[in-house]
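Input: a single structure, listed below in structure tokens.
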Amino acid sequence: MLRRYPRESFVLSTKVGRMMRPAPGGADNPPFVQGLPFRGEYDYSYDATMRSIEDSYQRLGLARIDIAYIHDVAADHHGEAWEELFEIAMNGAAKALIRLRDEGVIKGWGLGVNLTEPCERALEMSDPDVFLLAGRYSLLNQPALDRLFPMCADRGVHVVVGGPYNSGLLAGGRNFEYQEAPREMVEKRDRIAAVCGRHGVDLRSAALQFCAAHPVVAAIIPGAKHADKVRENARLMAAPVPPALWDDLRQEGLLPPGAPTPKA
């Protein structure tokens, strides 16, 4: 599909950190359904990263990748072992990606994670360009706001916000962070939705536009199972949201005072 378009007309990112090994008997790779017959093995080494990029060229049939993210090098995937794996990643994958960036093979690199701490450590230990951070900056919760985002601003690093709907809770679903939402989050969502209702605003519009308003945020990634969802998200991003809505959310304690909101 992408080969049909001029290469300069899109930005292409991929991830490293999992080597895909052939599994002739088939592979169980949840949450993917009927995936290809490969099993994923975590490998954050220098050599595996170089191999992963080469493998991606072959799979994509394209000669350039713009951004490479080191994937899932965080406690939610590795438990207590994450710090040891993070050291391996900073001395292996990160150095490989810095070399590729310096040689002009890629334009930038960073982490693709669900937690803020690995991003903060990467800024302290290395030289990333961008983070793909899921679920840590949304209309419901903003753990990235006080520490990570100021660190990014100081370094000129940007963030791609994943999960602006918090796994669906802000889009009318029941999940929060990939599982059934706790009662306190449902209640907070309902209070935010009530404020949106008073202003005639779709909760999803407020959720998307809030995430995009922070200066360090370069893009947001709402989920889209089909083309109509992409069009719908584009419409929601363009829908008018009155400034009074953000004022009311702050007054009701539903937004931190320092969180940037869209300009009128």
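If I take all pairs of Cα atoms in the chain, what percentage of them are more than 33 Å from each other? It works out to 25 percent of all Cα pairs. For the range 114-160, the fraction of C-alpha pairs farther apart than 14 angstrom is 40 percent. Share of antiparallel DSSP beta bridges in the chain, in percent to the nearest 5? Close to 25 percent. In plain terms, if you count all Cα to Cα distances in the range 160-208 and split them into 5 Å steps from zero, the share in each step is 5, 23, 31, 24, 13, 4, 0 percent.
Run the helix sum for the chain: -39,500 (n - 2.57) per DSSP H stretch of 4+ residues, divided by residue count, reported at 222 nm to the nearest 500 deg cm²/dmol. Taking each H run of at least 4 residues, the total per residue is -12000 deg cm²/dmol. Length gained on full extension, Q58 to N141, computed as 0.36 nm times the residue gap minus the Cα-Cα distance: 26.0 nm. Per-residue packing, averaged as other Cβ atoms within 10 Å, sorts the ranges 210-220, 230-240 into the order 210-220, 230-240, beginning with the highest. Computed in the context of the full set of protein chains, the accessible area of the range 83-166 at 1.4 Å probe radius has 47% of its extent on carbon or sulfur.
One way to sum up the overall shape of the range 200-253 is the equivalent ellipsoid from its Cα gyration tensor, whose semi-axes run 22, 14, 9 Å, largest first. Pairs of Cα atoms nearer than 8 Å and 6+ residues apart set the relative contact order; for the chain it is 12 percent. For H199 and V11, the FRET efficiency from 1/(1 + (r/R0)^6), where r spans their Cβ atoms and R0 equals 41 Å, is about 0.75.
Computed from the C-alpha gyration tensor, the three semi-axes of the ellipsoid equivalent to the range 1-144 are 23, 20, 17 Å, from longest to shortest. For the range 140-264, the Kirkwood estimate of hydrodynamic radius, built from reciprocal distances between every pair of different alpha carbons, is 15.1 Å.
Computed over the range 1-96, relative contact order equals 34 percent, with contacts defined as Cα pairs under 8 Å that lie 6+ residues apart.
Over the range 20-125, accessible surface divided per residue gives 53 Å², non-protein components excluded, 1.4 Å probe.
The values are calculated or read from the model by the stated rules, or taken from the named source; none is laboratory data. Being a predicted model, the structure only gives us computed values, none of them experimental. Neighbour counts run over all protein chains shown; Cβ positions are idealised from the backbone, glycine included. Accessible surface is based on the protein model in full, side chains and every heavy atom, while ligands, DNA and RNA are left aside. Shrake-Rupley method; radii C 1.70, N 1.55, O 1.52, S 1.80 Å.
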